[in-house]
Amino acid sequence: MNASQAQLLRWVLVETSHPGNVGSTARALKTMGFSDLRLIAPKIAGVAQTPEAIALASGAVDVLESSQETSSLDSAVQGCTLVLGLTSRDREFGPPALNWQDARPLVQAAIAGNQQVALLFGPERTGLDNHHLSLCTHRVWLDANPLYSSLNLAQAIMVCAFTLRESLGEGLGLTPSSPDTEPVDYADPAAVAAMLEHWREGLEAIGYLDPTNPKKLMPRLQALFARTRLHKEEIDLLRGIAKQMLLKK
């Protein structure tokens, strides 16, 4: 694995409670050669500067110092064609689910195509919620003891970082896209979410969606589009349809 590959991976901690987990995460990432740490609405503002985070980061204080803290998950996944939400909880709706072993080749393929990838880890107590997963292309779980599958946040990140370092080093037969190969221009999840909001407005405008009794229409559409991994030009097409629906209002 080289430095340019590592920079294509974003490690995103969502609403983290404990400063020690942030510091331990920084240490795990640096040990495995990664550094792009994003902190989304941590329970303690400025968590990367707390004494506990700095102490547990040990020699990885530079990763803490370069981390980006923001309240917007949308901004953290913007520009990412592959967004993996790490959670063991099953969901009725949401993005396609797969285990970590099957997810790793997807990461490798994206990196080989010079595409940005984000890995999302939720709050320690509750994990990622449905809104967080709505911005993911896949829901991913780590295989563990079914009788006790609970992993500490930093432990889970170390497992992912170690195995990704191993996979990217091996390459698994993947090579960067050649100049003659047109890379797939996938839409990022934030663009898909904005398109779905446009569709919600359009469906309400034509009377197909009752805002007072929406049932499960929008979650089903969200799951449908998540399975297809939409391209940017397809987002434009779907937004054009939504625009026409709004004209019928």
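The values are calculated or read from the model by the stated rules, or taken from the named source; none is laboratory data. Quick caveat, the model's predicted, so the values are computed rather than measured. In this analysis, Cβ positions are derived from the backbone assuming ideal geometry, glycine residues included, and neighbour counts consider all displayed protein chains. Side chains are part of the model used for accessible areas, which takes the heavy atoms of the whole protein and leaves out ligands, DNA and RNA. Shrake-Rupley method; radii C 1.70, N 1.55, O 1.52, S 1.80 Å.
Taking a straight Cα-Cα cut-off under 26 Å and skipping sequence neighbours fewer than 8 places away in the same chain, the lysines within cross-link reach of K30 are K43. Accessible surface computed residue by residue for segment 201-249, with neighbouring protein chains in place and a 1.4 Å probe, gives 71 Å² per residue.
Report, in deg cm²/dmol and to the nearest 500, the calculated mean residue ellipticity at 222 nm for the chain, where each DSSP H run with n ≥ 4 adds -39500 (n - 2.57) and the sum is divided by the residue count.
Values: 11 runs with 115 residues, N = 249.
Helices in the chain give a 222 nm mean residue ellipticity of -14000 deg cm²/dmol.
Each of (i) 31, 18, 17; (ii) 27, 20, 19; (iii) 32, 22, 17 is a candidate for semi-axes √(5λ) of the Cα gyration tensor in Å; the one calculated from this structure is (iii). Report, ordered by chain and residue number, the lysines lying within cross-link reach of K232, taken as a straight Cα distance under 19 Å and ignoring same-chain residues fewer than 8 apart. Counting by Cα, and skipping residues close in sequence, K232 has these lysines nearby: K243. Beta bridges assigned by DSSP with both partners in the chain are antiparallel in approximately 5 percent of cases. Think of the chain as a dipole: +1 on every Lys or Arg Cβ, -1 on every Asp or Glu Cβ, centred on the Cα centre; then among G202, M158, S35, G202 lies furthest on the positive end. The length gained on full extension between H231 and A55, counted as 0.36 nm times the residue separation minus their Cα-Cα distance, comes to 59.0 nm.
What order, most packed first, do the peptides 221-229, 3-11 have when packing is the mean number of other Cβ atoms within 10 Å of each residue? Please report the intermediate quantities before stating the final value.
On the way: 221-229: 16.2, 3-11: 17.9.
Ranking the peptides 221-229, 3-11 by packing returns 3-11, 221-229.
Putting +1 on Lys and Arg Cβ atoms and -1 on Asp and Glu Cβ atoms, find which of A48, L106, S17 reaches farthest to the positive end of the dipole of segment 5-112. The residue sitting most towards the positive pole is L106. Of L203, L119, L164, the residue with the greatest mean-square motion in the GNM of the chain, using alpha carbon springs below 10 Å, is L203. Segment I206..A97, full-extension length gain: 36.0 nm, with 0.36 nm per residue of separation and the alpha-carbon distance subtracted. Which aspartates and glutamates have a Cα less than 12 Å from the Cα of K216, not counting those fewer than 8 places away in the same chain? Within the straight-line limit of under 12 Å, K216 reaches these aspartates and glutamates: E92. The GNM of the chain, with springs linking C-alpha atoms under 10 angstrom apart, assigns the highest mean-square fluctuation among A144, A97, A26 to A144.
When only the Cβ of Lys, Arg, Asp and Glu is charged (+1, +1, -1, -1), the dipole of the chain relative to its Cα centre reaches about 560 debye. Our note on the geometry: Cα centres of segment 7-41 and segment 181-249, 32 Å apart. Taking the longest Cα principal axis of the chain as reference, the axis of helix 19-31 is set at about 80 degrees.
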